[in-house]
Amino acid sequence: MRWRRSAGASGGSAGCENPRVSLPFDERDPAALPTPDARLRTPSNLRLRMVASAAMIAVALAALAAGGILFWLLAVVAALVMAAEWANLHGATAREKRIVQFALSVPLAVMAPPSLVIENRDFFAAGLLAGAAFFAAIVTGKRALAAGILYCGLPVLALTFLRRQEDGMLLASWTLSLVWATDIGAFFAGRTIGGPKLAPAISPAKTWSGLAGGIALATLLAGALWNAEGLSIHLFAATPVLAVLAQGGDLFESAVKRRAGVKDSGTILPGHGGVLDRLDGLVPVAPVAALLVFATPFLG
């Protein structure tokens, strides 16, 4: 292991100053940075992390089954935490972070179930999201923070839209589970098969075999839902594309974290990082899934 000393510690001043010894990893590579919960990320704790993942999935499915206010509240909390993590990744001040969260709260409130807002207007909510993003851009002067409002708000709009459909439990479950299946399939296929890297400059751990494994498992799951629950054939056929989108969302967030020089978006989920780290694949998938469901009646 090679340790590096800072330039300021060289020469005759070394006896007068306390030289800073750099860490035994490349500080320019966020993937190599240690995390506060690094002990939970070791191979020996893989089972613990899997149990934690199963618990998070169980909570999401319970809220999904309950629907209504409970599902909306869980989605709102997740979106507001995601917005805070997004702001942190883009160097926002505490004031700017509050502005982003307050602006996002308005369209999120309009997405509440009909029992609270009488009637849902999805296009109105989408317009409010755009307005909130414009407001954040004007007040903070940072377009990245405005983009964060859309990044965190659109998945909530999409999921609440899906859950309100006549077969909303099936549609929302399909959307969430295909992202989970993609992650699980990619993880195990990548570890088992390995091979060429998918995007080594962005996420060194991802492989092409992992992508293939994720697509395969997501497609198998969608096939089971089509066979047993009557999932639309159009949605089943679109699943492989959405699985690719899920991996794309993961890579996009990895690129954002790499630019920010951090390994995780947060530490709220021990052993897993931040909420953005868990939901990055869902961000692009949910809006596209909602558009597909909206278009299904016109596809015959």
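The values are calculated or read from the model by the stated rules, or taken from the named source; none is laboratory data. Remember, predicted model here, so these are calculated numbers, not experimental data. Note that each Cβ is placed from the backbone with ideal geometry, even for glycine, and that neighbours are counted across all protein chains shown.
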Look at segment 101-151 and say how many of its residues are under 23 Å from the mean Cα position of the chain (by Cα), surrounded by fewer than 23 Cβ atoms within 10 Å (Cβ to Cβ) and assigned to a loop (DSSP other than H, G, I, E, B).
-> 2
Among (1) among the hydrophobic types (A, V, I, L, M, F, W, C); (2) assigned by TED's automatic domain parsing to the domain that holds GLY281; (3) modelled with pLDDT of 95 or more, the one test that LEU157 misses = (2)
Of (1) under 23 Å from VAL51 (Cα atoms); (2) at pLDDT 95 or above; (3) not hydroxyl-bearing (Ser, Thr, Tyr), LEU225 satisfies all except one. Which?
-> (1)
Any chance segment 198-215 includes a residue that's among the hydrophobic types (A, V, I, L, M, F, W, C), within 25 Å of PHE294 (Cβ to Cβ) and buried (at least 23 other Cβ atoms within 10 Å of the Cβ)?
-> yes
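Restricting the search to segment 257-276, which residues are part of a helix (DSSP H, G or I) and surrounded by 20 or more Cβ atoms within 10 Å (Cβ to Cβ)?
Taking segment 257-276 first, the residues part of a helix (DSSP H, G or I) are 257-260, 275-276.
The answer is LYS257, VAL275, LEU276.
For every residue, the table says whether it meets (1) at pLDDT 95 or above; (2) closer than 20 Å to THR219 by Cα.
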| residue | (1), (2) |
| --- | --- |
| SER115 | no, no |
| ALA132 | yes, no |
| LEU150 | yes, no |
| SER177 | yes, yes |
| ILE202 | no, no |
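Scanning for something over 16 Å from ILE268 (Cα atoms), touching a helix residue (DSSP H, G or I) at 6+ places or on another chain (Cβ under 7 Å) and either in a helix (DSSP H, G or I) or at pLDDT 55 or above (or both), does segment 78-92 turn up at least one residue? Outline the logic, then answer.
Quick first cut of segment 78-92, residues over 16 Å from ILE268 (Cα atoms) only: 90-92.
Narrowing the set further to residues that are touching a helix residue (DSSP H, G or I) at 6+ places or on another chain (Cβ under 7 Å) leaves 90, 92.
From what's left, either in a helix (DSSP H, G or I) or at pLDDT 55 or above (or both): 90, 92.
Yes: one or more hits.
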Any residue in segment 175-194 that's in the same structural domain as SER209 (by TED's automatic domain parsing) and acidic (Asp, Glu): show its pairings with residues that are buried (at least 18 other Cβ atoms within 10 Å of the Cβ) and part of a helix (DSSP H, G or I) at Cβ separation under 7 Å, as long as the two are six or more apart or on different chains.
-> ASP183/GLY214
Output the residues belonging to segment 230-265 that are within 30 Å of LEU299 (Cβ to Cβ) and of a type in the set (S, T, N, Q).
-> SER232, THR239, GLN247
Which of the residues that make up segment 217-236 are within 19 Å of GLU166 (Cβ to Cβ), free of Cβ contacts under 8 Å to residues at least 40 places away in the same chain and under 25 Å from the mean Cα position of the chain (by Cα)?
-> PHE236
Cβ pairs under 6 Å, 6+ apart, first in segment 264-293 and free of Cβ contacts under 8 Å to residues at least 40 places away in the same chain, second surrounded by 20 or more Cβ atoms within 10 Å (Cβ to Cβ) and not hydroxyl-bearing (Ser, Thr, Tyr) | ASP277/ASP264; ASP280/GLY249; ASP280/ASP250; ASP280/GLU253; PRO284/LEU245; PRO284/GLY249
Residue check, GLN165 against (1) touching a Gly at 6+ places or on another chain (Cβ under 9 Å); (2) not in a helix (DSSP H, G or I), all met but one. Which one?
-> (1)
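If you take the residues in segment 137-166 that are free of Cβ contacts under 8 Å to residues at least 40 places away in the same chain and among the aliphatic types (A, V, I, L, M), which one is nearest to ALA75 (Cα to Cα)?
Taking segment 137-166 and keeping what is free of Cβ contacts under 8 Å to residues at least 40 places away in the same chain, we get 137-138, 141, 143, 146-147, 150, 166.
Retained after the next criterion (residues that are among the aliphatic types (A, V, I, L, M)): 137-138, 146-147, 150.
On the way: ALA137: 24, ILE138: 26, ALA146: 19, ALA147: 18, LEU150: 14 Å.
Among them, the one singled out is LEU150.
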GLU253 versus (1) closer than 23 Å to PRO200 by Cα; (2) surrounded by 23 or more Cβ atoms within 10 Å (Cβ to Cβ); (3) touching a residue at least 40 places away in the same chain (Cβ under 8 Å); (4) not basic (Lys, Arg): which is the lone unmet condition?
-> (3)
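I'm trying to understand the selection: among the residues of segment 51-105, which are among the hydroxyl-bearing types (Ser, Thr, Tyr) and within 28 Å of LEU170 (Cβ to Cβ)? Walk me through how you get there before you give the answer.
Narrowing segment 51-105 to residues among the hydroxyl-bearing types (Ser, Thr, Tyr): 53, 93, 105.
Matches in segment 51-105: SER53 only.
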Residue list for segment 56-79, filter: within 15 Å of the chain's Cα centre (by Cα) and touching a residue at least 60 places away in the same chain (Cβ under 8 Å) = MET56, ILE57, ALA60, ALA75, VAL76, ALA78, ALA79
